[in-house]
Every structure is written in C-alpha cells, then in structure tokens.
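K.L.:
Structure incoming, see below.
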Amino acid sequence: MSTLLAGRVAIVTGAGRGIGRAHALELARHGAAVVVNDYGVSLAGEGTGETPAEEVVAEIEAAGGRAVANAADVADFAQAEAMVRQAIDTYGGLDILVNNAGFVRDRMLVNTSEEEWDAVIRVHLKGHFAPLRHAGAYWRAEAKEGRQRAARVVNTSSGAGLQGSVGQGTYSAAKAGIAGLTLVAAQEMGRYGVTVNAIAPVARTRMTEGAFDTSAMAVPEDNSPVVAWLASEEANDVTGRVIEIDGSTITVENGWAHGPSQDNGARWDAAAVGPALRTLLASAPTPEPVYGA
C-alpha cells in the first residue's frame, strides 16, 4: 500500500459506484481512511434501496484499508454537517473532501421541467456547497486553534460545464457553477491551509452509457490518481484549478479571462456598439465548440 495519503482522513461523496467508487478505492490504497458516502439512488436521482457504500467499504477493508459508510443526502444541509462530523468523530479529523455526487436528467431546454431543473441543480451545486461549507468551518476552527491542517478539496465539474453540451443545459449550468465555486473557495479558504481544485473527468459510467457510444471512453479508475495527488500534502501549491482528465491525458483548463476591449470614454451609443463589438470579436479567440453541436 502506498503512503502518499497515510494518516489522512477523506470523505468521498457519491462513492458507491462509478468515478466516486474509484476515488474511494484509490484514496484508501494510498493510506487514507475514507468515509464512503452514497445515498443509493438511480441515475435520475430516485431512491433504489441499495447499499453500494457498504459494498465499497467491504472492498476497502478486505484490502487492509479503513473505511466507513455514510448514506447522507449531501444536498441536505444538516445531513452534510453530520457527514463531516462522522469523519471527525470516527477518525479524529478531516483532511480531504472529494465532492463527486450527482445525477443527470438530460433534456433539451424547451423540454426541461422545473422539477428536473431543481433536482439537478440541487444535487450538484448544493451538494457541493453543503459539505464544503461544513468542512470549511471545521478547518477554519482548527486553524484558529493553532491546529491548521493540510486540507484538500477536489470538486467535480465537467466538460459540459466548461464548453457546454447540447441536451444537457441543466447539467452544464450546474457544472459551470461548480467551476466558479471552486475559484471562490480556493481564495477564501487558502488562509486556513485549504486548497480547492476541480476535475473534469471523462469516463464510461452509467451517466454516459446509453447516451452515446462509450466504447472508446476512459474508465472511471483513470481519473482517480489525479485526485489522490491533489489530495496529498505534496499538492500544497496547487489551488483554484480545473483539470480535465481523459484517460492518459490531463489538461489544465483555461477559464474565462479578459479578452480584447475598447474604452469608449463615455456611455456607448447603441448604434456604435455593433461595429466596435464586431472588431473586438474578430480579434478574440474562437470559442471551443459545444459538445454535440
């Protein structure tokens, strides 16, 4: 067993299957004690009565690692707080939070219902915010008491959130929001010893199977070594970054940045906006195409 994460305590949300499961197993393989969170829902977020978290815990323990199951709804503020407290009470602290939980309800925008919008935004955005908020409060308190931890957060965005994806407006909006949240959290929490990054994983999972041909896609396990390194103390100087992982290729994403500009010296007249903006657009980089366009 590797010692990259020896003595460290991690929470991985949505860790019963797919990419989250791969993360939990990888962190445990490197020596971390892992709180394996999974609410046990279908691809569309409906309860199934299954207990995938316990299965992952058993797999970790069989390999000589330490793990405990958690069935919290990570978008429930109180349950997310209790999940953080479980890690602290069980293992004496918390060092790593991997926000991974999510589901999809793909629709063209004009076919998307309010319920579908609310459900996807809730599990992805609030499901990132709530654990991050409670873990951050713990790390701030530790720092104020002179016990600053080398804390690490790894969020989960997506190419859909960075470049957009036809038929996934809700999911794309949620994943773009996670990228923005990552930037802010990295700045706000750095003073407490916390780094905050996000990955944009590519993998053949139940989210992607059936939507298109996934035969050539990477497998979930291809993403997890990057997460393990970002979760380590070695990664103390990397924060506020979004990293895409596609099999053997890792890419540092370049987000929104100021491009060409023109100062008019006074309020713009609408008739003058067109020529000026067209000139600026002509010198700006061409956006990457939306997936599925």
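K.L.:
Tell me yes or no: at least one residue of the stretch 179-193 is of a type in the set (Lys, Arg) and touching a helix residue (DSSP H, G or I) at 6+ places or on another chain (Cβ under 6 Å).
P.N.:
Within the stretch 179-193, not a single residue is of a type in the set (Lys, Arg) and touching a helix residue (DSSP H, G or I) at 6+ places or on another chain (Cβ under 6 Å).
K.L.:
Please work out if residue 69 is over 29 Å from residue 236 (Cβ atoms) and either at pLDDT 95 or above or among the aromatic types (Phe, Trp, Tyr) (or both).
P.N.:
yes
K.L.:
Would you say residue 78 is of a type outside the set (Ser, Thr, Tyr), over 27 Å from residue 189 (Cβ atoms) and free of Cβ contacts under 8 Å to residues at least 40 places away in the same chain?
P.N.:
no
K.L.:
Look through 274, 259, 190 and report the one residue that is of a type outside the set (Lys, Arg), modelled with pLDDT of 95 or more, over 15 Å from residue 157 (Cα atoms) and part of a loop (DSSP other than H, G, I, E, B).
P.N.:
When all the criteria are applied, what remains is 259.
K.L.:
Now for a separate question. Select from the stretch 234-254 the residues that are surrounded by fewer than 14 Cβ atoms within 10 Å (Cβ to Cβ) and part of a helix (DSSP H, G or I) and list them in ascending order.
P.N.:
234
K.L.:
Keeping to the stretch 143-158, report how many residues are surrounded by 20 or more Cβ atoms within 10 Å (Cβ to Cβ) and either farther than 17 Å from residue 128 by Cβ or not small (Gly, Ala, Ser) (or both).
P.N.:
Total meeting the criteria: 5.
K.L.:
Taking the stretch 115-159 on its own, how many of its residues are acidic (Asp, Glu), without any contact (Cβ under 8 Å) to a residue 24 or more places away in the chain and farther than 24 Å from residue 169 by Cα?
P.N.:
The number of residues fulfilling the criteria is 1.
The values are calculated or read from the model by the stated rules, or taken from the named source; none is laboratory data. Keep in mind that what you see is a predicted model, and the values were worked out from it rather than measured. Ideal geometry is used to build each Cβ from the backbone, glycine not excepted, and the neighbour counts take in all protein chains shown.
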